[in-house]
Amino acid sequence: MQAWWAVVGWLGDLRYESDVTPADNGAVLLLSLLADTVEIVAAVLAILVVLRLTRMQHAKVLAGPGMPLAV
C-alpha cells in the first residue's frame, strides 16, 4: 500500500506542477479520487480478512483439542 500511495502522490505532484489553470486540475482531482477509492477498498478487504481469521480461530477453539501428532 505504501508503494501505491507513493506512486499516486508522485504522479499527482507532477501533474499539479505542470497544470497552470484551475480547470487543468481536474486530472489531479480524479487521480486523488482514484487513490482514495483504492484505499477504501483495501481497508474493507483487510477488515474482512481479519473477521474471517477471527471466526476460524473461534471455531478451532470451540472444536476442542485435536489429536496429538505422533513423534
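Only the coordinates and a few stated rules stand behind these numbers; no lab work does. All figures in this text were calculated on a predicted structure; none of them were measured in a lab. Cβ placement follows ideal geometry from the backbone for every residue including glycine, while neighbour counts extend to all protein chains displayed.
Packing-based ranking of 27-37, 57-67, 43-53 yields 27-37, 43-53, 57-67, ordered from highest to lowest mean Cβ neighbour count within 10 Å.
For the pair ALA63 and SER32, label points projected 7 Å from Cα toward Cβ lie 4.9 nm apart. In order along region 36-45, the Karplus-derived 3J(HN,Hα) couplings, from 6.51 cos²θ - 1.76 cosθ + 1.60 at θ = phi - 60°, round to 5, 4, 5, 5, 5, 4, 5, 5, 5, 5 Hz, and Gly and Pro are given as x.
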